[in-house]
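To start, the structure itself, in structure tokens.
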Amino acid sequence: MRLMVVGGGGREHAIIKKLKENKSVEVIYALPGNGGMADDAELVPIGAKDIDAIVAFAKKNKIDYAVVAPDDPLVLGCVDRLEEIGVPCFGPRANAAIIEGSKVFSKNLMKKYGIPTADYRVFENARDAYEYLKDAPIPTVVKADGLALGKGVIIATEREEALDAVRSIMEEGKFGKSGSRIVVEEFLEGPEVSVLAFTDGTSVVPMVSSMDHKRALDDDKGLNTGGMGTVAPNPYYTPEIANICMQNIFIPTVKAMKAEGREFRGCLYFGLMLTKAGPKVIEYNCRFGDPETQVVLPLLKSDLLEVMMATTEGRLSEIEVEFSKDSAACVIMASSGYPEAYKSGYPISIDPSVKDNVYVAGAKLDADKLLTAGGRVLGVCATAPTLEAALSLAYERVEKVGFENAFYRRDIGARALMAKEA
Ligand code: AMP
Ligand code: GLY
């Protein structure tokens, strides 16, 4: 099989490494991938949003199956276009990717189908939003409707902050067209859980749960990032809660999308908050999470390519999808300064003994040298029978990876361990 993976971060590296376990795989092209994946895939310098070039490449190189991993190409209709030329894909079509592409769409979907989520209001102009916010309960949450590189959510703990958020999103156009509408929603509290699920539009197969660590610094301090580390499974996600989520959230969401004529095939990501009133949806993503994938896929015992193809072909109910009972941890090593300004171009050293457990997110090859080229540079992962063991192994491996100005959180998994003991 000749495979193509669209995307270039740590998530894609984890997908590629797992796909390679299938014996029928002849070649995997990564578009664009990054220099740190050069041993695992053929790098092709085509950007993930360049749909025309992606389609032309697939045609010319006789691609048998494509995995479209990031949100942008999915929302832009990359899967629709590849299907038109006869290339089967893992990932939803544009009309289903809207579940992530528009928060107004997803909130209205949840309301219409009774799926638990935060109460909300939609605003199409700043004046109405200011009026509402004059005496809305605080804290409140302001969200740009469209994709905003993960930065479109503002938790306002003071009224002034909420008004500022509206101003920058709607009046100053901070996120361009993505902010022409906003959602203002109720502030929820409780542990957060990420659940990725394979779905072929009818069956839903949740993967092992995980916990992201979004803040840049230890003790959940500092700015929000794309994710500084993950653990799986998430100890807050008990079998009882999993059952509630399946009945009240996962199945109803997949049914709702089908009923709307927007059948979702691919990986549906449920960002959940376990509130006192039960689990609620914080967000949907139309794709694998990053860095959740880096802890979830190493625990998948089944063949990823087979599971993906069954998802594409609507045969998910006919196959077994099996996960290990072990735990996994991933520590992200970033460039100092991230998520704000940082320097890159520093040589990266990865001891060969840990190479298989490193998923590279932001690096480039300069001759034979691997250099840092991004805020989040790589994720160092481990699996073990217990979460404690997975965490200590991941941190041991961190010592075997280095680059100038590296920084990482020292407390990944600390809260999960506390929850386990409680
Ligand atoms: P998102 O960009 O949608 O992933 O949101 C970023 C983060 O904002 C989430 O992981 C939550 O921690 C937080 N968040 C989003 N919506 C709410 C809400 N309604 N109440 C409290 N926190 C929220
Ligand atoms: N880790 C959060 C996301 O992938 O959106």
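Ordered by the number of other Cβ atoms lying within 10 Å of each residue's own Cβ, fewest first, GLU263, GLU404 fall into the sequence GLU404, GLU263. Take the cross-link list LYS20/LYS325; LYS280/LYS355; LYS143/LYS364; LYS49/LYS221; LYS59/LYS255 and give me the ones stretching past 30 Å between alpha-carbons. As for pairs spanning more than 30 Å Cα to Cα, those are LYS280/LYS355; LYS143/LYS364; LYS49/LYS221; LYS59/LYS255. With the cut-off at 1.5 for a/c, could you classify region 257-325 from its C-alpha gyration tensor as rounded, prolate or oblate? Cα axes put region 257-325 in the oblate bin.
Under the combined filter of DSSP loop state and at most 15 neighbouring Cβ atoms within 10 Å, region 245-283 retains these trypsin sites (Lys or Arg not before Pro): LYS276. Coupling constants for region 193-208 follow from the phi torsions by the Karplus curve (6.51 cos²θ - 1.76 cosθ + 1.60, θ = phi - 60°), and in residue order they are 9, 9, 10, 8, 9, 6, 9, 9, x, 10, 8, 10, 10, x, 8, 4 Hz; glycine and proline get x.
Once you order the gyration tensor axes a ≥ b ≥ c over the Cα atoms, which shape class does region 139-273 get: rounded for a/c under 1.5, otherwise prolate or oblate by comparing a/b with b/c? Oblate is the answer for region 139-273, as a/c is 1.5 or above yet b/c matches or exceeds a/b. Among the trypsin sites (Lys or Arg not before Pro) found in region 325-392, those both in a DSSP coil and sparsely packed, with 11 or fewer other Cβ atoms within 10 Å of their Cβ, are LYS325, LYS343.
Within the chain, CYS78, CYS89, CYS245, CYS267, CYS286 have no other Cys Cβ under 4.7 Å of their Cβ and so lack a disulfide-compatible partner by this rule. Listed from fewest to most Cβ neighbours within 10 Å, the set SER106, SER349, SER392 follows the order SER349, SER392, SER106. Qualifying GluC sites (Glu not before Pro) in region 92-171, where qualification requires a DSSP coil assignment and no more than 16 other C-beta atoms within 10 Å, comprise GLU124, GLU158.
Values quoted throughout were computed directly from the atomic coordinates according to the rules given, and no laboratory measurement underlies them. Remember, it's a predicted structure, so these values are computed and weren't measured experimentally. Cβ coordinates were reconstructed from backbone atoms using ideal geometry, including for glycine residues, and neighbour counts include every protein chain displayed.
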